[in-house]
Amino acid sequence: MDLEKLLTDRLAPAFATVAGVPVDPVVRRSARADFQSDAALGLARRLGRPPRAIAAEVLDRADLADLCGVAEVSGPGFLNLTVADRALGALVTTLASDARLGVPVVAEPETVVVDYSAPNVAKEMHVGHLRSTVIGDAAARLLHWRGHRVLRANHLGDWGTPFGMLIEHLVDLGEAEATRELSMGDLDSFYKAARVKFDADPAFCERARLRVVALQGGDEATLRLWRLLVEQSERYFLTVYDLLDVTLTDRDFHGESSYNDLLDPVVEDLDRLGLLRESEGAACVFPPGSVGRDGEPLPLIVRKSDGGYGYPATDLAAVRHRTGTLGATRLLYVVGLPQRRHFEMVYAAAAQAGWLAPPARAEHVGFGSILGPDGRMLRSRAGGSVKLVGLLEEAIARATALTRERNPELDEAEAAEVGRAVGIGAVKYADLSSDRHKDYVLDWERMLSLDGNTAPYLQYAYSRIRSIFRRAGVAARPEAGISLAEPAERALAIELVGFGRVVTDVTDSLEFHHLAGYLYRLAAAFSTFYERCPVLRADEPVRESRLVLCDLTARVLGQGLYLLGIRTPEQM
C-alpha cells in the first residue's frame with residue numbers, strides 16, 4: 001500500500017537494466033505530478049548519455065501500465081509519475097479494510113529499552129523533564145505498536161551524597177511531618193530546606209556525611225528512611241505522568257540504586273579485559289576517539305579516587321544489564337543534547353568491553369531546549385525553573401477556557417475533559433512537531449490555535465469527521481468502491497496511502513516531526529476535500545466513497561495522534 005515503494009519496485013529493474021548496476025530510483029512526492037524520480041540525472045555522467053535519453057529508456061522498460069495513468073519525461077531528465085485513479089482507489093479500499101492502516105508489524109521484533117524522563121528523588125519535575133518524557137513516551141508507543149518488545153526504563157536519581165542531608169532533614173522534621181510535606185508534592189521546599197541547613201550548619205553537614213556512609217554501608221534504619229523518600233517521590237512522579245498522559249508506571253522505575261550490586265562486577269570485568277587505567281587516583285577507561293579540545297584522550301571515570309562510583313559506572317552497568325540480562329538489542333537514551341559526549345564515551349567503552357556488540361546498539365535520542373518568548377531558556381518569573389505541573393495546569397486552564405468559549409453547549413464535565421485533551425495535546429504536539437535536535441519557543445497562542453500545524457487543528461479535524469457520522473447516523477462501508485473524480489479526493493487519497501511509509505521511517509529515525517508534519521498535511525487535505533466535496537448530500541455511489549474517505553482519515557489521524565501520545569476528543 002506504500003505508493004513510493006510500489007513505484008520504486010517497478011522502476012528499479014528498469015534502471016538496473018539501463019545502468020548495468022542496481023540503482024535507487026529516488027522516488028519522491030512532486031508538485032508537478034504525484035511522484036517524481038530524478039535518478040536519471042545522477043546516471044548521466046557515469047553512462048556518458050543525456051539524462052533525458054536515460055529517463056526515456058527507463059520509462060520504456062518499466063512496468064507501469066496498471067499503476068500510472070501518466071508517466072512522462074520532464075525537464076532535464078525527471079520522470080513524472082501520476083498514479084491511475086483506478087489503482088489509487090484500489091489501494092484506498094485495501095487500506096480501509098486493514099485494521100493496521102497499511103502499517104505492518106515488524107518481521108523481526110526486537111527487545112528495545114527506552115530510557116526516558118529520569119527525574120530526581122526529592123525534587124519536583126520541571127520543564128526540563130518535559131521533552132525527555134514526551135519524546136520517550138512517543139518512542140515507546142510507536143515501537144510497541146510496530147510489534148517490538150518495549151521495556152520502559154525511568155532511571156531515577158535516587159542515590160548519592162545528597163541523600164545524606166535529605167535523610168537528616170527528614171529525621172529533624174519527624175517521619176509524620178516529613179511524609180505530610182512530601183505527600184503534598186512540594187518536593188522543592190523539602191530539598192531547599194535541607195540544602196540551607198547543609199550549607200549553614202557544620203554539625204548538620206557532618207551528620208549528613210555520616211548518614212551517606214551509613215546509607216552506602218546498608219544500614220537498615222537509614223535504608224528505611226531512604227525508601228520513604230523514594231516512595232513519596234515516586235507517588236508524586238506518577239501524578240505528573242497521569243496529568244501528562246504518558247504510559248510510564250511504577251513498574252518502570254529503575255533508580256540508580258538498582259545497579260549498586262552491579263558496579264563492582266563492572267570494574268572487575270573492565271580490569272580483567274585490560275581496559276582500566278589509573279588517572280590521578282581514579283580508575284578510568286579511555287574510549288577510542290574520545291579526546292578533549294587540547295587533543296588529549298578523555299577519561300571515562302569508572303571509579304573515583306575516593307572509591308566511590310559516578311554516572312559512568314552506573315550507565316555502564318545499565319548497558320551490561322540491558323544487553324546481557326534483558327536481551328535488548330536496541331537501547332534508546334532520550335536525554336538532552338548536552339549529554340551527547342558522555343553517552344558516546346559510555347557506548348564506546350561498553351563496545352570495547354563486549355557488552356554492546358552487534359546486533360545490539362545504543363542510540364542517543366538527543367533534543368534541544370524549550371525557550372521562552374524572549375528566545376532564552378524558559379524560566380519562571382522569579383528566574384527559576386518552571387515547574388512541570390504548573391505548566392501543564394496552565395495549558396489545561398487555557399484550553400478549557402477556549403473550549404467553553406467556542407462550544408458553550410458542552411457541560412462542565414465535558415468542557416473539562418476536552419480542555420485537558422486539548423491542553424496536554426497542545427504541549428506535546430508543540431514538542432513533537434519540532435525537530436527534536438533544535439530548540440523551540442513555548443508560545444501559548446500558537447500552540448492552542450485552531451489554525452496551522454497544531455494539535456487543536458488536528459483534533460478538530462478528527463472531531464469534525466466524527467460529527468459527520470453522528471449527524472447522519474450512518475457508518476462507512478470499507479468495502480465500498482472508491483471514486484476519485486475530484487482533485488480534492490485524489491489529493492486526500494494520496495495522503496492516506498502515505499501513512500505506512502511515514503510510520504516505518506519514523507520507527508527508525510525517531511524524528512517525530514515527520515509524523516506530525518504528515519498528520520498536518522492529511523488534515524489540511526481533508527479540510528480542502530470537506531469544503532469542495534459534499535459528503536452526505538452527494539448521490540450514490542459517490543456518497544459511500546466519500547464516507548469511506550472520511551472514516552479512513554479519522555482512523556489515520558486518531559492512530560497517528562495516539563502514537564504521539566495525544567487524545568482525540570469526539571467533539572470540540
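Quick notes on this one:
- Proximity of backbone amide H atoms, modeled 1.01 Å from N, is registered between R303 and A283 at under 5 Å, excluding neighbours fewer than 5 places apart on the same chain.
- Principal-axis tilt of helix 220-244 within the chain, Cα atoms, nearest 10 degrees: 20 degrees
- Summing Lys and Arg as +1 and Asp and Glu as -1 over all other residues whose Cβ lies under 14 Å from the Cβ of P202 gives a net charge of -1.
- Among the protein heavy atoms, those of D435 account for about 40 Å² of accessible surface (1.4 Å probe, every chain in place).
- Solvent-accessible surface of protein heavy atoms, probed at 1.4 angstrom with all chains present, puts E412, E108, E256, E177 in the order E108, E412, E177, E256, largest first.
- Separation of the range 416-479 and the range 513-553, taken as the distance between their Cα centroids, equals 16 angstrom.
- √(5λ) per eigenvalue of the Cα gyration tensor, the range 473-546, largest first, Å: 28, 13, 10
- Pairwise inverse Cα distances across the range 325-467, averaged and inverted, put the Kirkwood hydrodynamic radius at 18.0 Å.
- The largest accessible area among T504, T94 belongs to the first residue in T94, T504, and the rest follow in falling order (1.4 Å probe, all chains).
- Degrees separating the helix 388-406 axis from the principal Cα axis of the chain, which is the longest one: 40 degrees
- The coefficient of translational diffusion for the range 215-278, derived via Stokes-Einstein from the alpha carbon Kirkwood radius under 25 °C and 0.890 mPa s, stands at 167 µm²/s.
- Computed from point charges on the beta carbon alone (+1 for Lys and Arg, -1 for Asp and Glu), the dipole magnitude for the range 1-122 about its Cα centre is near 520 Debye.
- Local charge for P359 was computed over the other residues whose Cβ lies under 14 Å away, with Lys and Arg +1 and Asp and Glu -1, and equals 0.
- Using 0.36 nm per residue and subtracting the Cα-Cα separation, the extra length available between D85 and A472 on full extension is 136.5 nm.
- Take every pair of alpha-carbon atoms less than 8 Å apart whose residues are at least six positions apart; their mean separation over the length of the range 223-376 yields a relative contact order of 18 percent.
- Per the Cα gyration tensor, the range 25-121 maps to an equivalent ellipsoid with semi-axes of 37, 23, 13 Å, ordered largest to smallest.
- At the residue level, C205 shows approximately 50 square angstrom of accessible surface with a 1.4 angstrom probe and all protein chains present.
- Expressed as a fraction of 2.2 N^0.38 Å, the value expected for a compact globular protein of N residues, the C-alpha radius of gyration of the range 116-167 is 1.43.
- For the range 240-377, the Rg and Dmax computed from alpha carbons only, in angstrom: 16.8, 53
- Rg/Rh, computed from the Cα trace of the range 87-136 with Rh as the Kirkwood radius, has the value 1.31.
- For the range 146-299, the share of accessible area belonging to carbon and sulfur comes to 51 percent (1.4 Å probe, ligands and nucleic acids excluded).
- Relative contact order computed over the range 57-118 (Cα-Cα under 8 Å; 6+ residues apart), in percent: 20 percent
- Considering only alpha-carbon pairs that sit under 8 angstrom and 6 or more positions apart, the relative contact order computed for the chain is 15 percent.
- Size of the chain from its Cα atoms: along the principal axes, largest to smallest, the extents are 84, 66, 41 Å.
- Dipole of the chain computed with +1 at Lys/Arg Cβ and -1 at Asp/Glu Cβ about the Cα centre; of P288, F499, H129, farthest Cα towards the positive end is F499.
- Accessible area per residue for the range 187-343, computed on protein heavy atoms with a 1.4 Å probe, is 52 Å².
- Normalised by 2.2 N^0.38 Å, with N the number of residues, the alpha-carbon radius of gyration of the range 356-433 equals 1.55.
- Taken about its Cα centre, the chain carries a charge dipole of roughly 1220 debye when the Cβ of each Lys and Arg holds +1 and the Cβ of each Asp and Glu holds -1.
- Degrees, to the nearest 10: 340-353 long Cα axis against longest axis of the chain: 80 degrees
- To the nearest 10, the accessible area of E531 is 140 Å² with a 1.4 Å probe.
- Of the residues S380, S545, ranked by 1.4 Å probe accessible area with the largest first, the sequence reads S380, S545.
- Net +/- balance of residues flanking G481 in space, Cβ distance below 13 Å, scoring K and R +1, D and E -1: -1
The values are calculated or read from the model by the stated rules, or taken from the named source; none is laboratory data. Nothing here was measured: the structure is a model prediction, and the numbers come from that model. Heads up, the Cβs are rebuilt from the backbone with ideal geometry, glycines too, and the neighbour counts pull from every protein chain shown. For accessibility, only protein heavy atoms count, side chains too; no ligands or nucleic acids. Shrake-Rupley method; radii C 1.70, N 1.55, O 1.52, S 1.80 Å.
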